[in-house]
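Accompanying notes for the structure given below.
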2 protein chains.
Amino acid sequence: MTDAHQRSGCPINLSLEVLGDKWSLLIIRDMMFGNRRHFRELLTKSEEGISSNILADRLKTLLEQRIITREDDPTHKQKGIYSLTEQGIELLPVLAQMAAWGYKYLPVTEELGIRARLLSEGGPKMWTEFMDELRESHLGAKRRRRSGPSVGERLQAAYESVVNGR
Amino acid sequence: MTDAHQRSGCPINLSLEVLGDKWSLLIIRDMMFGNRRHFRELLTKSEEGISSNILADRLKTLLEQRIITREDDPTHKQKGIYSLTEQGIELLPVLAQMAAWGYKYLPVTEELGIRARLLSEGGPKMWTEFMDELRESHLGAKRRRRSGPSVGERLQAAYESVVNGR
DNA sequence: GCAACCAGTTGCAATTCGCAATCAGTTTAG
DNA sequence: CTAAACTGATTGCGAATTGCAACTGGTTGC
């Protein structure tokens, strides 16, 4: 896991060297949209069933790359709380574009596609708002009060609506 | 390489099952920005040095996923011409966001970062124009004549300007 | 004819992946 | 107080993937 073997200084290549595998972006996704902040939450509450050694390894590299941080949970001596950094939060547009593409071309299920659809329809303006919400919950940033439900709440409500209403 | 083991119907997960490795998106990148259309071009003219068996394997899965197509080159009985499909062309926003993120946070070299910078500054409007150009060169689509150099030409000129002018 | 070029394929060693079991400390229920 | 459950991982091991180098069978240009 040494970072000595850099292939080129191309931004796409460098991004892929950090994120180019089947799990890293899924962990980010769960932290962003599923509000998972503990190891166990990421391990058990995901659709795909990552195994614990892979999760531990990916969290380690995401920490090294400063995409997430880890701090102790004051309520539990063993729990750690993982948070997105600004750098991690700014992966949202990447995920949003990837979700939009997958939604358009791959066999997405209805309940898991609804977030992608809303996020795609909302466009960059909605992404920016959601990123501000993430800055509040992950970085403790102050945020102007908005009227109405947050983007996170709207996405979650839409998801539950599809799940319950079928 | 059977596609039986699908992990979930989430659009991000499905996208990662197709593109979640260190090479697939680099091949797409070279086809889009480097105008590589033949096996040898993709093999030898890339910064990163993919090996031929990996390239052959990735081209195969990209074909299966309908992200690219392959046709015989009429000028050479052995050459194949790889082209992006509409589905492949619409990966441009994903690459653009990934490039913008990498440009902002990773140790990108000046000459390889200039395209990312221009594409990021140009925004979705420039992406749309570039996608139209790709539709012309890869799908044979007719395109309204534009005044001035194309996006592809502008990116290439900027790259060469940095390479020569340092 | 022959060297260079074409798109891959093959063999093999090294690495990574994925599953299951396990670990040691912490908290909670009774 | 004790036992069970929970915490964030770690370990062992077989399977799959990766990466390098050599090679194949054919085509093209000189």
- Residues of region B:69-96 satisfying the condition of being of a type outside the set (Phe, Trp, Tyr), within 11 Å of DNA strand C (Cβ to nearest atom) and in contact with a helix residue (DSSP H, G or I) (Cβ under 9 Å, 6 or more places away or on another chain): B:ARG70, B:LYS79, B:GLY80
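When you check A:GLY34 against the structure, is it under 25 Å from B:GLY9 (Cβ atoms) and more than 10 Å from DNA strand D (Cβ to nearest atom), yes or no? Give the derivation first.
Working: under 25 Å from B:GLY9 (Cβ atoms): yes; more than 10 Å from DNA strand D (Cβ to nearest atom): yes.
Here the answer is yes, as A:GLY34 does meet what is asked.
Among the residues that make up region A:65-85, is at least one of them within 14 Å of chain B (Cβ to nearest Cβ), assigned to a helix (DSSP H, G or I) and open to solvent by 20 Å² or more (accessible area, probe 1.4 Å)? Spell out how you get there, then give the answer.
Step one: of region A:65-85, the residues within 14 Å of chain B (Cβ to nearest Cβ) are A:65-68, A:84-85.
Filter once more, so that each one left must be assigned to a helix (DSSP H, G or I): none.
No, region A:65-85 has no match at all.
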- Where a residue in region A:21-36 is assigned by TED's automatic domain parsing to the domain that holds A:ILE68 and its partner, wherever it lies, is at pLDDT below 95, with Cβ under 8 Å and at least six apart: A:LEU26/A:SER46; A:LEU26/A:GLU48; A:ASP30/A:LYS45; A:ASP30/A:SER46; A:GLY34/A:LYS45; A:GLY34/A:SER46; A:ARG36/A:LYS45; A:ARG36/A:SER46
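State the number of residues belonging to region B:37-47 that are touching a strand residue (DSSP E or B) at 6+ places or on another chain (Cβ under 8 Å) and either free of Cβ contacts under 8 Å to residues at least 24 places away in the same chain or within 13 Å of DNA strand D (Cβ to nearest atom) (or both). Spell out how you get there, then give the answer.
Within region B:37-47, the first condition is being touching a strand residue (DSSP E or B) at 6+ places or on another chain (Cβ under 8 Å), and the residues that meet it are B:37-39, B:42.
Narrowing further to those that are either free of Cβ contacts under 8 Å to residues at least 24 places away in the same chain or within 13 Å of DNA strand D (Cβ to nearest atom) (or both): B:38-39.
Counting residues in region B:37-47 that are touching a strand residue (DSSP E or B) at 6+ places or on another chain (Cβ under 8 Å) and either free of Cβ contacts under 8 Å to residues at least 24 places away in the same chain or within 13 Å of DNA strand D (Cβ to nearest atom) (or both) gives 2.
Being of a type in the set (A, V, I, L, M, F, W, C) and either near DNA strand C (Cβ under 7 Å from one of its atoms) or more than 16 Å from B:LEU91 (Cβ to Cβ) (or both) is the filter; apply it to region B:43-62 and report the residue that is surrounded by the fewest Cβ atoms within 10 Å (Cβ to Cβ).
Here is the first cut: in region B:43-62, the ones of a type in the set (A, V, I, L, M, F, W, C) are B:43, B:50, B:54-56, B:59, B:62.
Now drop any that are not either near DNA strand C (Cβ under 7 Å from one of its atoms) or more than 16 Å from B:LEU91 (Cβ to Cβ) (or both), which leaves B:43, B:50, B:54-56, B:59.
Details: B:LEU43: 16, B:ILE50: 20, B:ILE54: 15, B:LEU55: 18, B:ALA56: 12, B:LEU59: 19.
Filtering region B:43-62 for residues that are of a type in the set (A, V, I, L, M, F, W, C) and either near DNA strand C (Cβ under 7 Å from one of its atoms) or more than 16 Å from B:LEU91 (Cβ to Cβ) (or both), the one surrounded by the fewest Cβ atoms within 10 Å (Cβ to Cβ) comes out as B:ALA56.
Within region A:141-166, work out how many residues are in contact with a Ser or Thr (Cβ under 9 Å, 6 or more places away or on another chain) and open to solvent by 40 Å² or more (accessible area, probe 1.4 Å).
Of region A:141-166, the ones in contact with a Ser or Thr (Cβ under 9 Å, 6 or more places away or on another chain) are A:152.
Now narrow it down to the ones that are open to solvent by 40 Å² or more (accessible area, probe 1.4 Å): none.
Counting residues in region A:141-166 that are in contact with a Ser or Thr (Cβ under 9 Å, 6 or more places away or on another chain) and open to solvent by 40 Å² or more (accessible area, probe 1.4 Å) gives 0.
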- Message: Can you tell me how many residues within region B:130-140 are assigned to a helix (DSSP H, G or I) and surrounded by fewer than 16 Cβ atoms within 10 Å (Cβ to Cβ)?
- Response: 2
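Just for region A:90-129: of the residues that are in contact (Cβ under 8 Å) with a residue 40 or more places away in the chain and surrounded by fewer than 22 Cβ atoms within 10 Å (Cβ to Cβ), which one is nearest to the other protein chains (Cβ to nearest Cβ)? Spell out the reasoning first.
So the first thing to find is which residues in region A:90-129 are in contact (Cβ under 8 Å) with a residue 40 or more places away in the chain, and the list is A:90-92, A:94-95, A:98, A:110-112, A:114-115, A:118.
Going one step further and asking which of them are surrounded by fewer than 22 Cβ atoms within 10 Å (Cβ to Cβ), we end up with A:90, A:110-111, A:114, A:118.
On the way: A:GLU90: 6, A:GLU110: 8, A:GLU111: 8, A:ILE114: 10, A:LEU118: 12 Å.
Filtering region A:90-129 for residues that are in contact (Cβ under 8 Å) with a residue 40 or more places away in the chain and surrounded by fewer than 22 Cβ atoms within 10 Å (Cβ to Cβ), the one nearest to the other protein chains (Cβ to nearest Cβ) comes out as A:GLU90.
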- Message: Suppose we filter region B:5-42 for residues that are at the interface with chain A (Cβ under 9 Å from one of its Cβ atoms) and within 15 Å of DNA strand C (Cβ to nearest atom); how many remain?
- Response: 14
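The values are calculated or read from the model by the stated rules, or taken from the named source; none is laboratory data. None of the values given here were measured: they were computed from a predicted structure. Heads up, the Cβs are rebuilt from the backbone with ideal geometry, glycines too, and the neighbour counts pull from every protein chain shown. With ligands, DNA and RNA removed, areas are computed over all heavy atoms of the protein, side chains included. Shrake-Rupley method; radii C 1.70, N 1.55, O 1.52, S 1.80 Å.
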